[in-house]
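One structure is given below, encoded as structure tokens.
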Amino acid sequence: MTGLSCSRSRGVGTGLVESLRIVSLKESEMKIPHAQHAFVAILVTLFASAALASGDHAGGHAHGDESSAIGKPGKAAQVTRTVHVDMTDNMRFTPASMDVKQGETIRFKVKNSGQVKHEFVLGTEQELKAHYQAMLKYPEMAHEDPQMITLAGGEQGEVIWQFTKAGKVDFACLQPGHYDAGMKGAVTVARSGAKAGSARPGAAADGQAEHSH
């Protein structure tokens with residue numbers, strides 16, 4: 001008899017990925033009709049497709065020198081400014097909006113001032129919504145990519161990102177319930193040559209920028 005089992009394994013930089021394996025008994029122990037083999041093969045294909053669609057949390061983001069719609073991972077040696085971002089249990093980012101210039105490499109120093117887990121994830125609005133839906137289905141799904149960081153209460157960390165294209169780059173916390181509660185914000189990327197500040201007027205002290213030398 002042929003059995004089908006489903007197990008989860010962590011992929012490199014893409015979070016939790018579903019993997020499937022078929023456990024078969026030796027032909028000497030039991031003969032499986034050809035039709036049953038075909039049926040099992042169909043099941044494997046369907047499960048594998050669903051697993052890749054729901055378990056991969058990479059979202060097609062850039063890695064290395066490859067650039068995506070939101071930019072690409074930055075290099076520490078090329079950081080132009082540092083922006084402090086605070087996350088709280090009020091389901092808010094401070095600042096929730098900021099301005100950068102096209103081509104800038106920003107070091108986001110992110111702090112979780114709350115007690116529950118929060119995360120800072122850069123992406124397009126469409127990507128973030130899709131990833132959030134995946135998190136609702138798989139709340140324990142781990143996802144580790146260069147455009148994001150997940151922090152437990154009291155922890156801090158950083159994301160270094162280069163904004164290669166003008167426009168808007170969204171960010172959000174994708175922990176279940178947090179996105180719906182309004183824990184989101186946006187980075188406005190001005191075209192090269194235009195003036196841009198790190199945060200808009202009214203931002204709290206943690207949202208102020210530091211120039212890197």
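What are the residue pairs meeting all of these: first residue in segment 92-113, first residue under 15 Å from residue 166 (Cβ atoms), second residue charged (D, E, K, R), Cβ atoms under 6 Å, and 6 or more apart or on different chains?
If the second residue must be charged (D, E, K, R), the pairs left are 102/191; 106/81.
Could you list all residues from segment 111-136 that are of a type in the set (A, V, I, L, M, F, W, C) and more than 15 Å from the chain's Cα centre (by Cα)? So that I can check it myself, show each step before the final result.
So the first thing to find is which residues in segment 111-136 are of a type in the set (A, V, I, L, M, F, W, C), and the list is 116, 120-122, 128, 130, 134-136.
Within segment 111-136, 116 is the sole residue that qualifies.
What strands (runs of 3 or more DSSP E) lie completely within segment 92-134 and have 2 or more residues being touching a helix residue (DSSP H, G or I) at 6+ places or on another chain (Cβ under 8 Å) and modelled with pLDDT of 95 or more?
105-112, 118-123
Can you work out which of the residues in segment 132-145 that are in contact with a Gly (Cβ under 9 Å, 6 or more places away or on another chain) and surrounded by 17 or more Cβ atoms within 10 Å (Cβ to Cβ) is farthest from residue 85 (Cα to Cα)?
This residue is 138.
The values are calculated or read from the model by the stated rules, or taken from the named source; none is laboratory data. All of these numbers come straight from a predicted model, not from anything done at the bench. Counting neighbours? That spans all protein chains shown, and the Cβs are built from the backbone with ideal geometry, glycine included.
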